[in-house]
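Student: Quick one: the structure is below, questions incoming.
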Amino acid sequence: MGIFNGKVAIITGGGKAKSIGYGIAVAYAKEGANLVLTGRNLQKLLDAKEELERLYGIQVLALQADVTPDDESEDRVKEVVKKTVETFGRIDVLINNAQASASGIPLSMQTKDHFDLGIYSGLYATFYYMRECYPYLKETEGSVINFASGAGLFGNAGQSSYAAAKEGIRGLTRVAATEWGKDNINVNVVCPLAMTSQLENFRESYPEAYEKNLRAVPMGRFGDPEKDIGRVCVHLGSPDFKYMSGETITLEGGMGQRP
């Protein structure tokens, strides 16, 4: 029996194959969790649903939802939470993984649209989901796992809006850990580095730059989305790690060292 049998996890950005979100979904599915997967592309979500249900015997609710600078984004998140509770009756773990960004554009050339893309898809989405899930997480004494990045920790060039969103998420996480501690809800941040389809495309297009980035990782490899990122997220959502809250965990093969 898995440690999440009968429990429910919401994973934003969980429908894309060879992604961190899907790796987390597999890790939770192997532990028996029923899943709610959200994302922009409905077909990818349905493909993920079919595979996860077939391989692991769990139930998956696939919901198209994207947080953008429009008047409907907040309502879309509310609808996701409403349908989750209608379907499963509970929420045990919220994993805010989804993020879009205008990476590679210098700060001096960033437009408001570039900045809004990062802030809304990351920071606002995390805020909306946390606020709407809170009453149900309080009932289950659940867990929140938010995603930040070394781009924010270390100020990576060309990542201004992305870094700003991610550092905002870290601040939001710490406040929630303080306010929700009385409810026995633990809230933590993961900063990942993993081999995804996007990184594979980068390797094909820019092999020399890829090798340079790889050499910067002390372990000499990029992480596996399921084994190196997803499994840590399983532990962070489990009773064994309940007393850990408000922390930032870097999963970057030794590259994320900081004071």
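The values are calculated or read from the model by the stated rules, or taken from the named source; none is laboratory data. Computed from a prediction, not measured in an experiment: that's the story for all the values here. Neighbour counts are summed over all protein chains in view; Cβ atoms, including those assigned to glycine, are modelled from backbone coordinates with ideal geometry.
Student: Considering only region 227-234, I want to know if a residue exists there that is out of contact with any strand residue (DSSP E or B) (no Cβ under 9 Å at 6 or more places or on another chain), in contact (Cβ under 8 Å) with a residue 24 or more places away in the chain and of a type in the set (Asp, Glu).
Tutor: Checked against the condition, which is being out of contact with any strand residue (DSSP E or B) (no Cβ under 9 Å at 6 or more places or on another chain), in contact (Cβ under 8 Å) with a residue 24 or more places away in the chain and of a type in the set (Asp, Glu), region 227-234 yields no hits at all.
Student: Here's a follow-up. Just name the residue that is surrounded by the fewest Cβ atoms within 10 Å (Cβ to Cβ) out of those in region 97-149 that are without any contact (Cβ under 8 Å) to a residue 40 or more places away in the chain and closer than 18 Å to residue 177 by Cβ.
Tutor: 135
Student: Which of the residues spanning region 1-38 are on the phi > 0 side of the Ramachandran plot and either surrounded by 24 or more Cβ atoms within 10 Å (Cβ to Cβ) or modelled with pLDDT of 95 or more (or both)?
Tutor: 6, 13, 32
Student: How many residues are more than 17 Å from residue 188 (Cα to Cα) and without any contact (Cβ under 8 Å) to a residue 60 or more places away in the chain if we restrict to region 155-172?
Tutor: Selection size over region 155-172: 8.
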